[in-house]
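The next block holds one structure in the form of structure tokens; read it before the comments.
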């Protein structure tokens, strides 16, 4: 009975033998997979630190340090964690649909939200600015409509993107190219409108060009802006003549702010007379006020303090509104000769050289 109960290997069906072999093989694979997983986890833990360093260097993630200095609304949006990437993907899809439906103003708002979700990622700013200046602008039917979107694209990089990514070579390149190609070139049907609008805008800030006899006088005229104090309050506190002049502006319904720049650009010109502006004006009060303003600003005793006030205001507007450094502008003029800042090529030169300086020692990862 005992010998009958023993089953030899030859008595086991072949399919059962194969099943036992498969189980042993499966167990071997499992043990091998566990060993490989442990090894991979070990190597992965070693690589975490350098990968995180590269993510920070390439601005693919946001840390506590990189969010410092951001406006409150932008900093809040960056706290979404993983959902931030999903939100950006969804908004990009929505953005393309809006562009197809010609819903440009909603698109513009959406682009702003996308940029705020990833403020330290230069490619997002480049895409949004290019979309506005090139794709949306050509879909407009009026010169003013086109310039509106070209200007939006320029402002997006110059006034926002570069403030958060001042070491991005790509953003400097994009901005310099927009001035050179979109505004300065002649491929766009409305390029003369862009040139005119830019010239008018910069003349409002810097005033009419001076009547001079040589290049040195032009550079010296702009040096007043570069050398002016950063804040008007500091100038008023340090210069009694300027303080007296600024106090007298109220008597002619003017103030020491951008409205003074606007008035000076329109009226303090060597080739125009007050009567040219007033020939169609019938109201005596308007004529009298205008003439009194011109008389006050052109009084010999007020010319020097007036110019110092204007220089300080111009420096402040250049820095705050246009993100431009008057010192660097003056350095370019000393290096290349007088530059007319009403011309787009001067701006292209400024941003290309500024980018070369600010990103010195860094390579373009794109």
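The values are calculated or read from the model by the stated rules, or taken from the named source; none is laboratory data. It should be emphasised that the depicted structure is a prediction, and the values quoted were computed from it without experimental measurement. Note: ideal-geometry Cβ built from the backbone for every residue, glycine included; neighbour counts use all protein chains shown.
What about residue 301, is it under 37 Å from the mean Cα position of the chain (by Cα) and modelled with pLDDT of 90 or more? No.
Kindly check whether there is at least one residue in the range 301-312 that is more than 20 Å from residue 245 (Cα to Cα) and out of contact with any helix residue (DSSP H, G or I) (no Cβ under 7 Å at 6 or more places or on another chain). The answer is no, given that none of the residues of the range 301-312 is more than 20 Å from residue 245 (Cα to Cα) and out of contact with any helix residue (DSSP H, G or I) (no Cβ under 7 Å at 6 or more places or on another chain). Looking at 95, 110, 76, just one residue is assigned by TED's automatic domain parsing to the domain that holds residue 163, farther than 26 Å from residue 169 by Cβ and either in a loop (DSSP other than H, G, I, E, B) or modelled with pLDDT of 70 or more (or both), and that residue is 110. Looking across the range 225-242, just one residue is over 14 Å from residue 307 (Cβ atoms) and surrounded by 14 or more Cβ atoms within 10 Å (Cβ to Cβ), and that is 236. Applying the set (1) modelled with pLDDT under 90; (2) under 30 Å from residue 155 (Cα atoms); (3) not in a helix (DSSP H, G or I) to residue 282 leaves exactly one unmet item: (2). Test residue 179 against the criterion of being modelled with pLDDT of 95 or more and under 21 Å from residue 351 (Cα atoms), and give yes or no. So residue 179 fits the description; yes.
All of (1) touching a helix residue (DSSP H, G or I) at 6+ places or on another chain (Cβ under 9 Å); (2) at pLDDT below 60 hold for residue 264 with one exception: (2).
Taking the listed residues 247, 253, 243, 237, the one that is on the phi > 0 side of the Ramachandran plot and at pLDDT 85 or above is 253, with no other qualifying. Restricting the first residue to the range 159-185 and requiring it to be without any contact (Cβ under 8 Å) to a residue 12 or more places away in the chain, which pairs with a second residue that is surrounded by 20 or more Cβ atoms within 10 Å (Cβ to Cβ) meet a Cβ separation below 8 Å and a spacing of at least six or different chains? Between residues of the range 159-185 that are without any contact (Cβ under 8 Å) to a residue 12 or more places away in the chain and residues that are surrounded by 20 or more Cβ atoms within 10 Å (Cβ to Cβ), there is no close pair.
Between 327, 364, 358, the distinction of being surrounded by fewer than 19 Cβ atoms within 10 Å (Cβ to Cβ), at pLDDT 95 or above and not assigned by TED's automatic domain parsing to the domain that holds residue 166 belongs to 327 only.
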